[in-house]
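The values are calculated or read from the model by the stated rules, or taken from the named source; none is laboratory data. Everything quoted here is computed from the prediction, not taken from an experiment. Counting neighbours? That spans all protein chains shown, and the Cβs are built from the backbone with ideal geometry, glycine included. Remember, those area values only see protein heavy atoms, side chains included, never the ligands or the DNA or RNA. Shrake-Rupley method; radii C 1.70, N 1.55, O 1.52, S 1.80 Å.
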Amino acid sequence: MSYIFQQARLLNPLEKLDRTGTIKVSDEGIIEALAFDNETLPSSPEDRIVDLRDQILAPGLFDMHCHFREPGQEYKETLESGSEAAAAGGFTGVALMPNTKPVIDSPLGVAYIRHHAANLAVDLEVVGAMTVESRGEHLAPFGKFRSYGVTAVSDDGTAIQSSQIMRLAFEYASNFDLLIIQHCEDKSLTQGAVMNEGVFSAQLGLKGIPDISEAITLGRDLLLMEYLQKHKLHEPLRKPRYHVAHISTGAALDLVRKAKRDGLAVTCEVTPHHFTLCDESLFQAEDKGNYLMKPPLGSRENLEAILQGLADGTIDAIATDHAPHASHEKECPLDQAAFGIIGLETSVGLTLTELVEKRIITISRAIELLSVNPRRIMKLKPILFAPGEVANFTFINPEKEWRCTPESIHSKSSNTPFLDRTLKGKASGIFHKGKLLFSEP
């Protein structure tokens, strides 16, 4: 038996492909043939025909920043429930951050996740910790991580505060061609703070997080990169590669723009909540706990800067920072609430509604941000639409109007500010590992 996905809009920016067409895939999950426009492919009675008229067939989406909480906090999310949420959101792969309990700071943690992920619907890439227990004091074993197939390291949830340790991290990571993913935050400015510092934090009587916290740490890191490339990490040695997690301020984006112009290997990602909401959204909300995250929702000026960064190409990827929490961790006083929201199942809808429909980016650019670029940044195998290639697809219905409800959520947690929000555009299913999964009934 083969699968025949017919009359879809085949959209793969990597191949500059945007045409109506049909793809035939073997039951082993290998692309057998393609046809374009009104051409047809031969079929047998045993073949399964999937009509994708008016839908997009894109390379499988990849979220390079997720938290599935296992091991240690399975009451919030598990590898299995997180994978179900990813598939429902149209993702065929995700990268898991290491701040679990215990922290993934050794190959043992990598092996645990790989073992338990083997039969799941989506690929789980593991990001190793930069430092032991993510304390920022002693580097984790980067070389052993690399031998286990890890391609990136991060102390996500915190930033290395010591410039010397950060310098050593750059040097060590470059030896093994590991990507450094940094959560940029000067913790001396943010200790005990809850939301963006400004008029709304003042009106709510909450301690504010100064938005310069992000740019201060980022600026230090970029100066270290520049110094090392000039004095040590240059040909024939590998140059360091650096990725800014969940960038949220105009000042940080300006630093990234300059770094790119200067030839530094710097990339950045943005979350859907940071290109959709601002601190005024939190101020006006009733369930304020679901609007708390780090970095915090910024000012309207920073929101506009993010949209500009998406439009002009400064931002390289969209990542959800999917962060499940139990209800009791959100329905409490704000200075006690956990930071973070779930995002896998609303990412496509928010991207199409807030960015594509408003003509900030094209649908092709959206696929770059959600699929092509994250895989490139993580140095994962690219997805091609050609005979002999492994089929790895996401199906998107761009006209589908829908609402995220507690009953529709596949994640184990439901901490999202987007409940009951009407969105246009939805992932209708995935084809991965030789299996067809539809997220819609």
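Does Leu344 count as under 15 Å from Ser414 (Cβ atoms), in contact (Cβ under 8 Å) with a residue 12 or more places away in the chain and open to solvent by less than 10 Å² (accessible area, probe 1.4 Å)? Before you say what the answer is, go through the steps one by one.
Numbers: under 15 Å from Ser414 (Cβ atoms): yes; in contact (Cβ under 8 Å) with a residue 12 or more places away in the chain: yes; open to solvent by less than 10 Å² (accessible area, probe 1.4 Å): yes.
Yes, satisfied.
Go through the residues of region 96-108 one by one and say whether even a single one is touching a Cys at 6+ places or on another chain (Cβ under 8 Å), farther than 30 Å from Ile4 by Cα and not aromatic (Phe, Trp, Tyr). Working first, answer last.
If we filter region 96-108 for residues that are touching a Cys at 6+ places or on another chain (Cβ under 8 Å), which is where we start, we get 96-97.
If we keep only those that are farther than 30 Å from Ile4 by Cα too, we end up with 96-97.
Now narrow it down to the ones that are not aromatic (Phe, Trp, Tyr): 96-97.
Taking every residue of region 96-108 in turn, at least one turns out to be touching a Cys at 6+ places or on another chain (Cβ under 8 Å), farther than 30 Å from Ile4 by Cα and not aromatic (Phe, Trp, Tyr).
Looking only at region 95-117, which residues are among the polar types (S, T, N, Q) and in contact with a strand residue (DSSP E or B) (Cβ under 6 Å, 6 or more places away or on another chain)?
Of all residues in region 95-117, those among the polar types (S, T, N, Q) come to 99-100, 106.
Passing the criteria: none in range.
Taking the residues in region 182-206 that are in a loop (DSSP other than H, G, I, E, B) and in contact with a Ser or Thr (Cβ under 7 Å, 6 or more places away or on another chain) as candidates, determine which candidate is farthest from Phe170 (Cα to Cα). Spell out how you get there, then give the answer.
Initial filter on region 182-206 (in a loop (DSSP other than H, G, I, E, B)): 183-186, 191-194, 197-198, 205-206.
When the remaining residues are screened for being in contact with a Ser or Thr (Cβ under 7 Å, 6 or more places away or on another chain), the result is 183-186, 198.
Working: His183: 15, Cys184: 15, Glu185: 17, Asp186: 18, Gly198: 34 Å.
Per the criteria, the residue is Gly198.
Which residues, taken from region 106-153, are touching a residue at least 60 places away in the same chain (Cβ under 8 Å), buried (at least 20 other Cβ atoms within 10 Å of the Cβ) and touching a Ser or Thr at 6+ places or on another chain (Cβ under 8 Å)?
Val122, Glu125
Count, please, the residues in region 297-306 that happen to be more than 19 Å from Leu255 (Cβ to Cβ) and crowded, with 21+ Cβ neighbours inside 10 Å. Explain how you work it out, then say what you get.
At the first step, the residues of region 297-306 found to be more than 19 Å from Leu255 (Cβ to Cβ) are 297, 300.
Among the residues that remain, those that are also crowded, with 21+ Cβ neighbours inside 10 Å are: 297.
Adding up the residues that qualify gives 1.
Residue by residue, here is whether (1) at pLDDT below 95; (2) open to solvent by less than 20 Å² (accessible area, probe 1.4 Å); (3) closer than 13 Å to Phe418 by Cα holds:
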{"site": "Leu277", "(1), (2), (3)": "no, yes, yes"}
{"site": "Ser281", "(1), (2), (3)": "no, no, yes"}
{"site": "Ala285", "(1), (2), (3)": "no, yes, yes"}
{"site": "Gln308", "(1), (2), (3)": "no, no, no"}
{"site": "His328", "(1), (2), (3)": "no, no, no"}
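Among the residues of region 390-421, count how many are surrounded by 15 or more Cβ atoms within 10 Å (Cβ to Cβ) and either over 19 Å from the mean Cα position of the chain (by Cα) or assigned to a loop (DSSP other than H, G, I, E, B) (or both).
Our first condition is that a residue be surrounded by 15 or more Cβ atoms within 10 Å (Cβ to Cβ); within region 390-421, this holds for 390-398, 400, 402, 404, 409-419, 421.
In the following step, the residues that additionally are either over 19 Å from the mean Cα position of the chain (by Cα) or assigned to a loop (DSSP other than H, G, I, E, B) (or both) were identified as 390-392, 397-398, 400, 402, 404, 409-419, 421.
Counting residues in region 390-421 that are surrounded by 15 or more Cβ atoms within 10 Å (Cβ to Cβ) and either over 19 Å from the mean Cα position of the chain (by Cα) or assigned to a loop (DSSP other than H, G, I, E, B) (or both) gives 20.
Checking the condition in contact (Cβ under 8 Å) with a residue 12 or more places away in the chain and out of contact with any Ser or Thr (no Cβ under 6 Å at 6 or more places or on another chain), which residue from Ala58, Ala33 passes? Walk me through it before giving the result.
Details: Ala58 fails: out of contact with any Ser or Thr (no Cβ under 6 Å at 6 or more places or on another chain).
Going through Ala58, Ala33 in turn, the sole match is Ala33.
Let me spell it out: the conditions are (1) over 18 Å from the mean Cα position of the chain (by Cα); (2) buried (at least 24 other Cβ atoms within 10 Å of the Cβ); (3) of a type in the set (A, V, I, L, M), and Ala317 meets all of them except one. Which number is the exception?
Of the numbered conditions (1) over 18 Å from the mean Cα position of the chain (by Cα); (2) buried (at least 24 other Cβ atoms within 10 Å of the Cβ); (3) of a type in the set (A, V, I, L, M), the odd one out for Ala317 is (1).
Can you pull out every residue in region 289-324 that is over 30 Å from Glu80 (Cβ atoms) and without any contact (Cβ under 8 Å) to a residue 60 or more places away in the chain?
Arg300, Glu301, Leu303, Glu304, Ala305, Ile306, Leu307, Gln308, Leu310, Ala311, Asp312, Gly313
What number of residues within region 13-57 satisfy the criterion of being out of contact with any Asp or Glu (no Cβ under 8 Å at 6 or more places or on another chain), open to solvent by less than 80 Å² (accessible area, probe 1.4 Å) and among the polar types (S, T, N, Q)?
3
Given the options Ala259, Ala252, Ala245, name the one that is open to solvent by less than 30 Å² (accessible area, probe 1.4 Å), in contact with a helix residue (DSSP H, G or I) (Cβ under 9 Å, 6 or more places away or on another chain) and in contact (Cβ under 8 Å) with a residue 60 or more places away in the chain.
Details: Ala259 fails: in contact (Cβ under 8 Å) with a residue 60 or more places away in the chain; Ala245 fails: in contact with a helix residue (DSSP H, G or I) (Cβ under 9 Å, 6 or more places away or on another chain).
Of the residues listed, the single one that is open to solvent by less than 30 Å² (accessible area, probe 1.4 Å), in contact with a helix residue (DSSP H, G or I) (Cβ under 9 Å, 6 or more places away or on another chain) and in contact (Cβ under 8 Å) with a residue 60 or more places away in the chain is Ala252.
Could you list, in sequence order, all residues of region 58-94 that are surrounded by fewer than 24 Cβ atoms within 10 Å (Cβ to Cβ), aliphatic (A, V, I, L, M) and in contact with a strand residue (DSSP E or B) (Cβ under 7 Å, 6 or more places away or on another chain)?
Listed by number, the list holds a single entry, Leu79.
Of everything in region 334-366, what is under 23 Å from Cys404 (Cα atoms) and not in a loop (DSSP other than H, G, I, E, B)? Give them in sequence order.
The answer is Ser347, Val348, Gly349, Leu350, Thr351, Leu352, Thr353, Glu354, Leu355, Val356, Ile363, Ala366.
I need the full set of residues from region 261-276 which are under 21 Å from the mean Cα position of the chain (by Cα) and outside any loop (DSSP other than H, G, I, E, B), in order please.
Filtering region 261-276 down to residues under 21 Å from the mean Cα position of the chain (by Cα) leaves 265-276.
Across region 261-276, the qualifying residues are Ala265, Val266, Thr267, Cys268, Glu269, Val270.
Does Asp47 satisfy the condition of being within 25 Å of Val94 (Cβ to Cβ) and acidic (Asp, Glu)? Give the derivation first.
On the way: within 25 Å of Val94 (Cβ to Cβ): no; acidic (Asp, Glu): yes.
No, not satisfied.
What do you reckon, is Arg376 open to solvent by 10 Å² or more (accessible area, probe 1.4 Å), assigned to a helix (DSSP H, G or I) and either out of contact with any helix residue (DSSP H, G or I) (no Cβ under 6 Å at 6 or more places or on another chain) or within 25 Å of Phe5 (Cα to Cα) (or both)? Reasoning before the result, please.
Working: open to solvent by 10 Å² or more (accessible area, probe 1.4 Å): yes; assigned to a helix (DSSP H, G or I): yes; either out of contact with any helix residue (DSSP H, G or I) (no Cβ under 6 Å at 6 or more places or on another chain) or within 25 Å of Phe5 (Cα to Cα) (or both): yes.
When the stated conditions are applied, Arg376 passes them.
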